[in-house]
Structure formats: C-alpha cells, structure tokens
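In what follows, a single structure is set out as structure tokens and then discussed.
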Amino acid sequence: MVSPSLLLADALRTDPARPFVTYYDAAGARVELSVATFDTWVAKTAGLLVDDLAVEPDEVVSVVLPAHWLGLVWVQAVWTVGARVALSPDEAAVVAVRTPDGGPATAAELVVVRTDPLGGPAGAATPPGATDYGREVLGQPDRFGRATPTSDPLLASLLAEPHPR
C-alpha cells in the first residue's frame, strides 16, 4: 500500500536536494524546504510525538494550524508514528497542536507552534504546562526509523481520491 512515509522515503532516495515545499506568508516572505529538510523536520517532530508526548499508534492528534509548512510537517509526522490526524479540535485527541493564540485545547497535551515564516520558539506566548514546539523539537534526532502504518480515515480518503500526475 502507498503511504506518505514510503513516498517521502522514495523522494529522499531519488533526489533529496530538490525543492519539496515552498511556503509564502501574507507579507511575501518565502521559505523553501528540500526533500531532505522536510524529512528532517518530520523525523524531529515524530520523535517529539513518541519520545516526549508518548503518542501511540491509532491515537488522535488534533492539528489546528493556519496554512503553513509546519502544518504539513505535523500531519506527516503524525502519520509516520501511526497516529490519526484531526484537522479540528477533537475531544478524543491526546495531543493538540495550536498557535499561541489558538485557544484552549481539550487534549491531555498542548503543543504551541509559532507560525512565522521560519517557525521558532513561542517563548512567553506558551501557556503554562504547554510544550513550546520551536524550543523542544530542535533537540530531537534528525532520523526517525520506526515508521508505523496508520489507519487514519483522513489519509484513506485522500489516497482514494483520483489525483492528476
């Protein structure tokens, strides 16, 4: 079965330096990630999910971020660890991923993500008890070797849609 982890691994083997994600913010700032750089961010985020936040396969991670390259990283990382993505607040979520002003979360763990063009620590904007993604993710390893298949219905519906090649 085709999976995002296998597709990313194939792209990494084929041409790791090629542009993979290009992000423009409202002010026109541009960030371009190569396949290798995107893979490193996914690996670090997957490591954070498993090692620091104890996310298990089939658990739900609520990712509510504006259109930003870090949103893509989070979704890919959640699928890499075999968990499921909720793109809205979800009471079943074990982890909620939000911007500093993203409002309350019902999940056991709140992760705050700053969405300026390059990300970075949220610092004082991080609520008490929340994880500052920009501060914690950098200490994670650049490789995550335990990709787990996911049974996420969101991914299944995306893979079922016909896509132009």
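The values are calculated or read from the model by the stated rules, or taken from the named source; none is laboratory data. Computed from a predicted structure; not experimentally measured. Reconstructed Cβ throughout: ideal geometry from the backbone, glycine too, with neighbour counts over all protein chains shown. These accessible areas exclude ligands, DNA and RNA; they are computed on the full protein's heavy atoms, side chains included. Shrake-Rupley method; radii C 1.70, N 1.55, O 1.52, S 1.80 Å.
Filter the stretch 1-30 down to residues that are of a type in the set (Val, Ile, Thr) and modelled with pLDDT of 95 or more and give me whichever is surrounded by the most Cβ atoms within 10 Å (Cβ to Cβ).
Going through the qualifying residues, I end up with Val21.
When you look at Ser88, is it closer than 24 Å to Tyr24 by Cα and either open to solvent by less than 40 Å² (accessible area, probe 1.4 Å) or in contact (Cβ under 8 Å) with a residue 60 or more places away in the chain (or both), yes or no?
Working: closer than 24 Å to Tyr24 by Cα: yes; either open to solvent by less than 40 Å² (accessible area, probe 1.4 Å) or in contact (Cβ under 8 Å) with a residue 60 or more places away in the chain (or both): no.
The answer is no for Ser88.
Would you confirm whether any residue within the stretch 144-156 is assigned to a loop (DSSP other than H, G, I, E, B) and of a type in the set (Phe, Trp, Tyr)?
Of the stretch 144-156, the ones assigned to a loop (DSSP other than H, G, I, E, B) are 144-152.
In the following step, the residues that additionally are of a type in the set (Phe, Trp, Tyr) were identified as 144.
Among the residues of the stretch 144-156, at least one is assigned to a loop (DSSP other than H, G, I, E, B) and of a type in the set (Phe, Trp, Tyr), which makes the answer yes.
So Glu59 fits all but one of (1) open to solvent by less than 20 Å² (accessible area, probe 1.4 Å); (2) without any contact (Cβ under 8 Å) to a residue 40 or more places away in the chain; what number is the exception?
All conditions are met except number (1).
Give the stretch 116-159 a look and list any residue that's under 15 Å from the mean Cα position of the chain (by Cα), under 19 Å from Pro66 (Cα atoms) and open to solvent by 30 Å² or more (accessible area, probe 1.4 Å), or say none.
Result: Leu118, Leu154.
State the number of residues belonging to the stretch 91-115 that are open to solvent by less than 50 Å² (accessible area, probe 1.4 Å) and of a type in the set (Lys, Arg).
Residues meeting the conditions: 1.
Confirm whether Gly82 is of a type outside the set (S, T, N, Q), surrounded by 11 or more Cβ atoms within 10 Å (Cβ to Cβ), in a loop (DSSP other than H, G, I, E, B) and without any contact (Cβ under 8 Å) to a residue 60 or more places away in the chain.
Details: of a type outside the set (S, T, N, Q): yes; surrounded by 11 or more Cβ atoms within 10 Å (Cβ to Cβ): yes; in a loop (DSSP other than H, G, I, E, B): yes; without any contact (Cβ under 8 Å) to a residue 60 or more places away in the chain: no.
For Gly82, the condition - of a type outside the set (S, T, N, Q), surrounded by 11 or more Cβ atoms within 10 Å (Cβ to Cβ), in a loop (DSSP other than H, G, I, E, B) and without any contact (Cβ under 8 Å) to a residue 60 or more places away in the chain - is not met.
Please determine, by comparing only the residues of the stretch 41-52 that are crowded, with 19+ Cβ neighbours inside 10 Å and out of contact with any Leu (no Cβ under 8 Å at 6 or more places or on another chain), which one is farthest from Ala130 (Cα to Cα).
Going through the qualifying residues, I end up with Ala43.
Considering only residues of the stretch 106-165 that are under 19 Å from Pro57 (Cβ atoms) and of a type in the set (Val, Ile, Thr), which is modelled with the highest pLDDT?
Val111
Among (1) surrounded by fewer than 20 Cβ atoms within 10 Å (Cβ to Cβ); (2) over 28 Å from Ser157 (Cα atoms); (3) touching a helix residue (DSSP H, G or I) at 6+ places or on another chain (Cβ under 7 Å), which single condition is Leu65 missing?
(2)
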